[in-house]
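Student: Dropping the structure in here first, questions after.
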Amino acid sequence: MRNVDAWRALRAPLLTGLALGAAVLLLPLAALGDAPGADASPSPTLLTLPASPAPADVPEPSPGEWDAAQSLRVLGRNGQVYEMTMADYLWGVVAAEMPASFEPEALRAQAVCARTYSLWKLQAKSHQADEADICADSSCCQAFLSKADAAQRWGDGAASAYTAKIASAVADTDGQILTYGGAPIQAVFFSSASGATEDAEAVWGRATPYLVSVDSPEGDEVPNYRSTVTLTAEQVKKTAAEAGLGADLSGDPPGWFQNLTRTASGRVASVELGGVELSGGAARNLFALRSACFDVKEEDGVFTFSVTGYGHGVGMSQYGANAMAAAGSGWQDILTHYYTGTRIETGAR
């Protein structure tokens, strides 16, 4: 039985009349996680910037006409399905996926990504068996926060202003989506890059023309931009054994990691552990690193992984978008920079 949220709106056909000139590109499910899709690591919203005191009551703008007219079914993390307008859904996604303290143009870019990704997921029909269009799990689709939960996270001093700020980001981009060849793109994003984004092919093994490496301007202003993970030799051996790698770690620890190669963006393409080759992404997941941009050194039986950035590295860098916005770029420029060869169009009714 489907539960209908208090936001319930009449179901409107999101894709009726949407002329789609290109086939949907279905990357592996592993590509559907870190904001949205590809990482099961904590949401980038945990890396919030300091908030300034805000007025107690800031008027919330009305939703745009296109977003208010659409409805979709969202599978909650509790297994229930909620029907809501696109406007309400996008508000919850932006609140969950990007710090509300970010620049308005960055929040607008995030709103367009979320709207575009929603249409892409609708075409994929991956939640058809659940009687839903999309889910609220960031390891599969996009994270979602209710206004009550968001207000609790932000605190009384900022909740009103942040609520209105995100509503403006959604309303100001009403109906706007990114397309390639006439179809909504898989608008994946992540937290922060180490100077450049990554090709989708290098991460997920399938080339996607609009998900290629581009420069990204963020740096040490990003919280936890550089991080380290230290593991003893015994911890590395245990982790490899539990993963069933079959790695030969009988020799001295200094020789365990060999033949590290990098992609053009500087991330690890592959590394051998005890004679077993791992992709950079596999090594990242195995040792719980924040990104695949890392170095590893051993000293006295202790391995230190030095990591830069956070996330899978494909698509829009959220902190890069914020840096671009702070430097004067509009949301349109941000999106066409990170998604090569795309167009910004209004979604069809």
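Student: So, Gly175, is that one modelled with pLDDT under 95 and either touching a Pro at 6+ places or on another chain (Cβ under 6 Å) or not aromatic (Phe, Trp, Tyr) (or both) or not?
Tutor: no
Student: Let me ask another. Test of understanding: among Arg284, Arg343, Arg262, Arg290, which residue is open to solvent by 20 Å² or more (accessible area, probe 1.4 Å) and either without any contact (Cβ under 8 Å) to a residue 24 or more places away in the chain or aliphatic (A, V, I, L, M) (or both)?
Tutor: The match here is Arg262.
Student: Follow-up. Within region 168-181, how many residues turn out to be outside any helix (DSSP H, G or I) and either in contact with a Cys (Cβ under 7 Å, 6 or more places away or on another chain) or open to solvent by 30 Å² or more (accessible area, probe 1.4 Å) (or both)?
Tutor: Taking region 168-181 and keeping what is outside any helix (DSSP H, G or I), we get 173-181.
Checking which are either in contact with a Cys (Cβ under 7 Å, 6 or more places away or on another chain) or open to solvent by 30 Å² or more (accessible area, probe 1.4 Å) (or both) leaves us with 174, 176, 180-181.
Here the count works out to 4.
Student: Still on this model: Which condition does Ser213 not pass, out of (1) open to solvent by less than 70 Å² (accessible area, probe 1.4 Å); (2) modelled with pLDDT under 95, if it passes all the others?
Tutor: Evaluating Ser213 over (1) open to solvent by less than 70 Å² (accessible area, probe 1.4 Å); (2) modelled with pLDDT under 95 leaves (2) as the failure.
Student: Continuing with this model, one more query. Failed condition for Phe257, given (1) within 21 Å of Thr308 (Cβ to Cβ); (2) in contact with a helix residue (DSSP H, G or I) (Cβ under 8 Å, 6 or more places away or on another chain), with all others met?
Tutor: Against the list (1) within 21 Å of Thr308 (Cβ to Cβ); (2) in contact with a helix residue (DSSP H, G or I) (Cβ under 8 Å, 6 or more places away or on another chain), Phe257 comes up short only on (2).
Student: Let me ask something else. Based on what the data block shows, is Asp300 more than 17 Å from the chain's Cα centre (by Cα) and either open to solvent by less than 10 Å² (accessible area, probe 1.4 Å) or closer than 30 Å to Asp252 by Cα (or both)?
Tutor: yes
Student: Under the condition of being in a loop (DSSP other than H, G, I, E, B) and open to solvent by 60 Å² or more (accessible area, probe 1.4 Å), which residue from region 216-247 is nearest to Tyr339 (Cα to Cα)? Spell out how you get there, then give the answer.
Tutor: In the first step, residues of region 216-247 are kept if they are in a loop (DSSP other than H, G, I, E, B); the result is 216-225, 243-247.
Applying the additional criterion that residues be open to solvent by 60 Å² or more (accessible area, probe 1.4 Å) yields 217, 220-221, 224, 244, 246.
Details: Pro217: 15, Asp220: 24, Glu221: 24, Asn224: 25, Gly244: 37, Gly246: 39 Å.
Among those that are in a loop (DSSP other than H, G, I, E, B) and open to solvent by 60 Å² or more (accessible area, probe 1.4 Å), it is Pro217.
Student: Confirm whether Gly315 is crowded, with 16+ Cβ neighbours inside 10 Å and either touching a Pro at 6+ places or on another chain (Cβ under 8 Å) or within 28 Å of Thr232 (Cβ to Cβ) (or both).
Tutor: No; evaluated as a whole, the condition is false for this residue.
Residues are listed down the side, and each one gets a yes or a no for (1) open to solvent by less than 10 Å² (accessible area, probe 1.4 Å); (2) of a type in the set (A, V, I, L, M):
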{"position": "Met86", "(1), (2)": "yes, yes"}
{"position": "Arg108", "(1), (2)": "no, no"}
{"position": "Ala111", "(1), (2)": "yes, yes"}
{"position": "Leu122", "(1), (2)": "no, yes"}
{"position": "Asp130", "(1), (2)": "no, no"}
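Student: Which ones in region 265-278 are of a type in the set (S, T, N, Q) and either more than 28 Å from Val314 (Cα to Cα) or buried (at least 17 other Cβ atoms within 10 Å of the Cβ) (or both)? Talk me through it step by step, then tell me what you get.
Tutor: First, pick out the residues of region 265-278 that are of a type in the set (S, T, N, Q): 265, 270.
Matches in region 265-278: Ser265 only.
Student: Report the residue count in region 187-201 for those that are buried (at least 24 other Cβ atoms within 10 Å of the Cβ) and not in a loop (DSSP other than H, G, I, E, B).
Tutor: Qualifying residue count, region 187-201: 4.
Student: Answer with yes or no whether Lys121 is closer than 21 Å to Thr342 by Cα and modelled with pLDDT under 95.
Tutor: yes
The values are calculated or read from the model by the stated rules, or taken from the named source; none is laboratory data. Model, not experiment: these values are computed from the prediction. So basically every Cβ, Gly included, is an ideal-geometry build from the backbone, and we count neighbours across all protein chains shown. These accessible areas exclude ligands, DNA and RNA; they are computed on the full protein's heavy atoms, side chains included. Shrake-Rupley method; radii C 1.70, N 1.55, O 1.52, S 1.80 Å.
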